[in-house]
Amino acid sequence: MAYLLMKKLFENYPGSRINFNLSMDSQLDRINIQTKLMGKVFMYFPDVLLLIRSHNAMGKVLYTFIADGPRLNCESAFLRIVHMAYPANESPASMSEMFHFLKEFNPCWPQIRIFLVDPFFKGVDCLAKAFPSAEVVLSSFHVCTYFKQNIFKLSLPTNIEDVLINNLKNIVCSATTENLQDMYTNLLQYVKPDLLFQLNPDWLRMDQIWALHRWRNGKESLTYIEMMNTLVEEIGQTFSNNLPWEDKIFALISFIQTEIIDKNIPSLGIQTPQEMAVFLDKEEPSTSEESKTNVCHTKSDMDSETSLLICQSLNDICVPAAADLCSKEFFVAQTSLQFMTKNEDSASIRLLENTQMVNWENQKSCTCPFYKTMKLPCRHILALLKANQEILKPEMLDPAWQKSTNAPESTLPVPTDTLQIIKGDTKDLSPDQVCRNSLTDQIAKVLSECSDEEFQQRYNTLRELADAWIGPYEQVKL
């Protein structure tokens with residue numbers, strides 16, 4: 001049956017990609033499937049993917065991956081589908097296998113910035129391992145659906161229920177801080193503490209969830225929610241029918257293809273009032289040899305040139321320590337998802353940083369620029385400590401930072417001139433003085449690492465140089 005399915009798909013939808021396993025009784029055990037159009041949409045819009053999980057009565061789960069990035073406009077939610085998968089189960093091994101073929105089908109997978117998931121998704125660890133450069137964020141669509149369902153389940157008085165549902169509608173149309181705070185306040189005021197935990201009100205204070213929805217205006221937000229609800233319902237119904245698995249998969253693909261007939265492929269366009277600028281512009285696919293090797297471009301030549309000019313200006317204007325610090329900040333900005341809301345005289349900018357990896361086995365370390373530069377616990381390590389209800393331990397710091405070692409600043413992992421900038425000690429110093437201080441600190445650091453014999457030899461050499469330069473009649477402090 002599985003081979004017949006593959007034959008039917010290839011005949012009806014040429015260019016499709018399929019990978020499947022059969023069980024011991026030759027039944028379909030798992031499958032990853034992607035039509036040619038799905039692959040094309042993935043190639044154009046890989047930045048943000050929404051995961052829709054559909055369950056059936058047998059406990060099986062169908063995964064639908066949907067392009068969901070800002071500025072993405074399309075006539076049908078079914079046009080957003082970029083991949084479908086039916087894992088054997090939701091064990092780590094099966095999930096890893098599913099993500100492996102998602103990557104294999106799509107060479108552009110490193111361009112995925114964010115996965116949007118539902119609150120009950122248990123595969124976060126597998127997802128993070130398979131896509132280390134992507135963030136996993138709760139989906140605003142799933143969170144709104146969760147709030148609505150649970151508000152009705154609580155059997156609250158009608159007037160209170162109406163207030164909360166109205167709050168939720170306001171958030172859907174405009175996820176501003178005020179609207180989020182209004183619903184949060186009303187939940188605390190009207191819902192009893194023993195029932196409040198069912199609603200997870202803290203999600204209303206997690207701005208990362210709502211930043212990826214806020215780019216839409218009111219009309220676009222309502223249209224988006226309606227389209228996604230339709231997609232979830234239709235896929236769920238088709239996946240839950242009583243057909244054999246092979247026929248069910250073919251019916252599902254056929255239904256999707258029917259829904260997108262005569263509709264245009266999704267397009268990019270900034271249509272929000274805030275004129276939100278997000279991802280770097282993508283190049284149109286080329287007919288050159290480069291495009292035939294499945295290379296995905298994310299930066300234009302203009303972007304690269306601008307970056308080089310910015311780095312050059314930092315080196316031209318700043319002292320070395322300041323240029324080093326700013327370059328690291330610029331690296332974070334370039335590798336982060338950027339949201340910008342432009343006003344008449346100001347701009348609100350939010351960066352969603354790339355995922356960093358914390359080594360949790362021995363000495364705790366992180367891959368972020370701050371840790372690499374300072375050798376101090378960064379925001380990622382501290383967040384993990386808080387989540388695990390742990391405290392800072394001496395072995396987590398470089399010995400030079402610890403009070404117990406009483407080490408001079410010259411032995412710190414970070415250059416002293418950089419440390420002075422961080423502390424603000426250089427605001428009244430000229431560049432020449434900063435350079436002299438840096439040189440003095442470097443010499444002191446070298447001397448502190450010498451043996452007694454070598455130290456005495458170097459000290460005598462410096463003594464002779466100082467006496468020869470200034471004169472033996474004046475003692476020069478070394």
### Query
Restricting to the range 100-127, what's the tally of residues that are over 18 Å from Met38 (Cβ atoms), open to solvent by 10 Å² or more (accessible area, probe 1.4 Å) and either in a helix (DSSP H, G or I) or of a type in the set (Asp, Glu) (or both)?
5
#### Entry: Elements of type strands (runs of 3 or more DSSP E) contained in the range 6-99, each with 3 or more residues being under 26 Å from the mean Cα position of the chain (by Cα)
28-34, 48-55, 61-67, 81-86
### Task
Check Leu22, Leu28 and return the single one that is in contact with a Leu (Cβ under 8 Å, 6 or more places away or on another chain), open to solvent by 50 Å² or more (accessible area, probe 1.4 Å) and farther than 25 Å from Leu116 by Cα.
Leu22
### Task
Return a yes/no flag: does the range 140-163 have any residue that is in contact with a strand residue (DSSP E or B) (Cβ under 8 Å, 6 or more places away or on another chain) and either surrounded by fewer than 21 Cβ atoms within 10 Å (Cβ to Cβ) or not hydroxyl-bearing (Ser, Thr, Tyr) (or both).
yes
#### Entry: Residue in the range 17-24 that is over 18 Å from Asn229 (Cα atoms), modelled with pLDDT of 90 or more and not charged (D, E, K, R) present
no
### Message
Tell me whether the range 40-53 contains one or more residues that are free of Cβ contacts under 8 Å to residues at least 60 places away in the same chain and open to solvent by less than 50 Å² (accessible area, probe 1.4 Å).
### Response
no
### Message
Anything in the range 353-412 that is surrounded by 12 or more Cβ atoms within 10 Å (Cβ to Cβ), at pLDDT 75 or above and basic (Lys, Arg)? List them, or say none.
### Response
Lys372, Lys375, Arg379
### Task
Considering every residue within the range 193-211, establish whether at least one is surrounded by 17 or more Cβ atoms within 10 Å (Cβ to Cβ), touching a strand residue (DSSP E or B) at 6+ places or on another chain (Cβ under 9 Å), of a type in the set (A, V, I, L, M) and closer than 28 Å to Ile349 by Cβ.
yes
### Members of the range 219-260 that are within 26 Å of Asn170 (Cα to Cα) and over 29 Å from the mean Cα position of the chain (by Cα)
none
### Some residue of the range 158-175 being within 23 Å of Asp47 (Cα to Cα) and outside any helix (DSSP H, G or I)
yes
### Task
Note down all Cβ pairs under 6 Å where the first residue falls in the range 450-464 and is without any contact (Cβ under 8 Å) to a residue 40 or more places away in the chain, the second is open to solvent by 70 Å² or more (accessible area, probe 1.4 Å), and they're at least six residues apart or on different chains.
Leu462/Leu478
### Query
Would you pick out the residues in the range 212-248 that are closer than 25 Å to Asn167 by Cα, open to solvent by 40 Å² or more (accessible area, probe 1.4 Å) and outside any helix (DSSP H, G or I)?
Arg214, Asn217
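The values are calculated or read from the model by the stated rules, or taken from the named source; none is laboratory data. What you see is a predicted model; the values in this text were computed from it and never measured. Glycine also receives a Cβ, built like all others from the backbone with ideal geometry; neighbour counts cover every protein chain displayed. In case anyone asks, the SASA skips ligands and DNA or RNA and just uses the protein heavy atoms, side chains included. Shrake-Rupley method; radii C 1.70, N 1.55, O 1.52, S 1.80 Å.
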